[in-house]
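Here's the structure we're looking at; comments come further down.
The values are calculated or read from the model by the stated rules, or taken from the named source; none is laboratory data. Computed from a predicted structure; not experimentally measured. Here the Cβ positions follow ideal geometry from the backbone for every residue, glycine too, while neighbour counts run over all protein chains shown. Ligands, DNA and RNA are excluded from the accessible area calculation, which covers all protein heavy atoms including side chains. Shrake-Rupley method; radii C 1.70, N 1.55, O 1.52, S 1.80 Å.
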Amino acid sequence: MPETLEQSAGRFDTVLIANRGEIAVRIQRACRELGLKTVAICSEADRQAPYGKTADSFLCIGPSTAAKSYLNQDAILLAARLAGAGAIHPGYGFLSENAAFADAVEKAGLVFIGPTASSIAIMGDKISAKRAMMAAGVPCVPGPDTALPDDPATIERIALEIGYPVIIKAAGGGGGRGMRVVPKADVLHEAIALTREEARKAFGSRSLYMEKFLEHPRHIEIQVICDDHGNAVWLGHRDCSMQRRHQKVVEEAPAPGIAPDTIQPVGLSCVQACLQIGYRGVGTFEFLYEDGAFYFIEMNTRLQVEHPVTEMTSGVDIVQAQIRAAQGHVLDLIQGDVTCEGHSFECRINAEDPETFLPSAGVVTHLALPAGPGIRVDTHIHAGYKVSPYYDSLIAKLIVHAPTRAEAMARMREALAGTEVEGISTNIPFLRALFEDGAFAQGETDIHYLEQWLKLRRAA
Ligand code: MV4
């Protein structure tokens with residue numbers, strides 16, 4: 001008798017977590033809660049990591065430099081084989097959106113906890129991503145879903161059709177890399193030549209595309225989760241406009257001031273897109289939002305740093321759902337079950353100088369973390385922990401949930417007041433000041449707000 005879908009599920013019982021820091025802790029917890037064994041890996045700099053002690057196995061896979069450890073595909077695959085892992089969770093960053101790695105994992109007979117290599121590749125090329133989204137009815141920024149040709153006259157015609165200002169983006173870019181704004185026609189060809197050369201050097205592809213440049217948008221994203229059996233749901237939206245140099249600082253769910261009737265068709269179009277491309281696992285559709293309209297820009301095919309704000313409002317454990325999808329289970333919720341309640345904020349606590357933003361490494365000599373109703377802290381650090389200079393400066397995520405946005409802000413002020421980190425510099429003073437800001441309290445921000453606020457604050 002052929003097995004049912006549910007019988008074929010449960011493809012693995014041990015997960016290697018190919019990441020470090022707070023997300024390694026978060027994923028390890030989700031695995032244990034699902035009854036799965038865990039394999040932690042580390043670089044030489046992370047030998048003392050607390051999640052090493054709580055994992056079922058712990059392997060040092062290479063030197064401190066990420067290129068020789070967390071990005072070393074062969075070392076990770078070897079560790080998985082030695083420790084008997086049946087699956088690899090890539091977390092975020094590092095190899096999480098590397099299609100070749102996803103492919104190598106599957107070729108090694110292991111499960112990659114994420115979408116297929118082909119989904120990652122489609123979304124990694126921002127032009128093919130846009131084409132897939134347009135085909136599924138997702139609203140996109142005005143501009144062609146094809147690469148710019150070389151013929152100058154054709155390029156000029158495309159820019160005129162879109163209308164200045166336009167933005168030139170590298171197909172291989174994303175996350176703010178490889179793009180250039182063109183305010184008017186006289187600098188068009190120069191901008192294209194410069195961006196092409198940068199794209200060739202940075203991404204190994206000279207492929208570019210052109211879009212209308214939106215001057216004051218907000219960054220709003222939609223979280224989806226999909227199984228392997230044609231089921232997909234969206235879990236509401238987040239506002240990630242509070243960023244500096246493409247690094248998000250504060251995220252919230254839901255995005256303030258968005259009417260359900262406005263976002264509903266956008267969410268459904270994301271679900272439609274997932275079904276059309278056969279997407280599996282968790283994903284995020286990034287939009288720019290301006291003058292009441294949504295414009296797709298990119299899709300992230302990984303678990304994101306800010307997933308907790310959606311977990312707080314939707315009540316869905318996104319990491320568990322992602323792992324269960326990779327095991328082949330049928331999604332255990334339908335769209336009608338998804339209800340988002342209250343409001344959630346996340347503050348990224350970074351080990352950095354609050355004025356210069358330069359990374360601050362060293363030993364945490366004292367640590368006090370807040371607790372109480374509606375407060376969550378995702379972190380890997382403890383008193384005595386040594387913050388290494390090798391990696392991203394994120395040391396903790398402070399997450400709050402409350403019935404309303406105003407109450408969630410008050411709760412975050414209280415949580416920040418109860419957070420003490422000594423021995424290294426952090427951005428906590430800066431976050432405390434931001435949560436006293438009037439315009440932010442009114443939800444009146446866009447992607448440029450934080451950098452302008454910092455400039456004013458420095459001048460004062
Ligand atoms: C844009 C844009 C304005 N118009 N595209 C930057 C990151 C990458 N994901 C896309 N980005 C942008 N694309 C058009 N057509 C402005 C940005 C942008 C931005 C977007 C989201 C969050 C922060 C940002 C900061 C600067 C520029």
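What accessible area per residue comes out for the chain, rounded to a whole number of Å², with a 1.4 Å probe?
41 Å²
Kindly flag which residue pairs out of Lys68/Lys201; Lys169/Lys212; Lys130/Lys169; Lys201/Lys248 have an alpha-carbon separation exceeding 20 Å in this structure.
Lys68/Lys201; Lys201/Lys248
Taking a probe of 1.4 angstrom, what is the accessible area of Thr154 in Å², to the nearest 10?
40 Å²
Which distance in Å, rounded to a whole number, links the C-alpha centroids of segment 251-280 and segment 285-322?
One Cα centre to the other: 8 Å.
So what does Met409 come to for accessible area, using a 1.4 Å probe and Å² rounded to 10?
Looks like 10 Å² after rounding.
Show Met134, Met299 ordered by accessible area, largest first, where the area counts protein heavy atoms only and the probe is 1.4 Å.
I get Met134, Met299, largest accessible area first.
When the accessible area of the chain is split by element with a 1.4 Å probe, what percent falls to carbon and sulfur?
Ligands and nucleic acids excluded, carbon and sulfur reach 53 percent.
Which values, in whole Å and largest first, are the semi-axes of the equivalent ellipsoid of segment 218-459 obtained as the square root of 5 times each eigenvalue of the Cα gyration tensor?
After diagonalising the Cα gyration tensor, the semi-axes are 31, 21, 17 Å.
I need two numbers for segment 19-65: Rg to one decimal and Dmax as a whole number, Cα atoms only, in Å.
Looking at segment 19-65, its Cα Rg and Dmax stand at 10.3, 32 Å.
List the trypsin sites (Lys or Arg not before Pro) in segment 170-206 that DSSP assigns to loop (not H, G, I, E or B) and whose Cβ has at most 10 other Cβ atoms within 10 Å. Which are they?
Lys184
List the DSSP H helices in the chain whose Cα atoms stretch 20 Å or more along the helix axis and whose mean Kyte-Doolittle hydropathy is at least 0.0.
Both cut-offs are met by 260-277.
Sort all Cα-Cα distances of the chain into consecutive 10 angstrom bins from zero, then give the percent of pairs in each bin up to the one containing the longest distance.
4, 20, 30, 29, 15, 3, 0, 0
Suppose accessible area is computed on protein heavy atoms with a 1.4 Å probe; arrange Met133, Met312 from highest to lowest.
The residues order as Met312, Met133, largest area first.
Pop a pseudo-label 7 angstrom from the Cα along the beta-carbon direction at both Thr339 and Thr154 and give the gap in nm to one decimal.
Placing both labels 7 Å along Cα→Cβ, they lie 5.4 nm apart.
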